[in-house]
Structures are given as C-alpha cells and as structure tokens.
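Novice: The structure's right below; bear with me while I get my questions together.
The values are calculated or read from the model by the stated rules, or taken from the named source; none is laboratory data. Just so we're clear, the structure is a prediction, and the values are computed from it rather than from any experiment. Please note: Cβ atoms are built from the backbone with ideal geometry, for glycine as well, and neighbour counts cover all protein chains shown.
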C-alpha cells in the first residue's frame, strides 16, 4: 500500500498538482484509494486482480484526489476567489477570468474518465 501511495504522490508531484502538507496529502490519497477500490469491488468486479488495472486505478485515484481538493478548497491555487480579475466599487463592476477553473476541471475529468475503461473488466453477477 505504501508503494502505491508513493507512486501516486510521485505522479502528482510530476504534474505539479500536490498539496504542500505531505501528511494531509497522504490521508487524502488513502481516502481516494478506498473510494475507488470500493467502487471497483461493488460496481465492476469484486474478484478483480488490481495488478491488471494498476494504471487505470492510479489515474482514477488521482482524479478523486483532485476532485476532493477542489471541492474542499484545501489548496489556495484552486480557490474561486483567484478567478476574479478586477473589482470596481463605484457602480459595482466585477470582471472574471474566463473559465479559470476549466483547466482544473479538464484535468479532473481526464483522470475520472478512466472509469469507463474499467467496464471492460466488469463481471456480471447473476
């Protein structure tokens, strides 16, 4: 399990998407791993060999991790307040950057769309 956490942390560091607090980051990764593992065991195949789907599994865990970071607003870089470009007080004018979080949403969707690949391994239960 520790090697899996390290591999996920390394991929997040390469993509420059990890948070600075290492302990918190590892806890969130564990939550994401458990979430994805439960999804696979309940929706796809309870007897699947995880070594077969390791890369898919890691990508989905990264997507869950980033989704949790975005929703909980842990990292300041993801804050919606950063999307404000200008604020004018007289006659109230607020200008926003165009879809500032689109890039993050695209990254999250890219990783979470790997769930579609898991359906190749779905076992039908009678």
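Novice: Out of 66, 117, report the one residue that is touching a helix residue (DSSP H, G or I) at 6+ places or on another chain (Cβ under 6 Å), over 28 Å from residue 24 (Cβ atoms), at pLDDT 85 or above and in a helix (DSSP H, G or I). Before you say what the answer is, go through the steps one by one.
Specialist: Values: 66 fails: over 28 Å from residue 24 (Cβ atoms).
Only one candidate qualifies: 117.
Novice: Now for a different question. Just give me the residues in the stretch 1-56 being within 16 Å of the chain's Cα centre (by Cα), outside any helix (DSSP H, G or I) and surrounded by 12 or more Cβ atoms within 10 Å (Cβ to Cβ), in sequence order.
Specialist: Hits for the stretch 1-56 are 15, 17, 18, 19.
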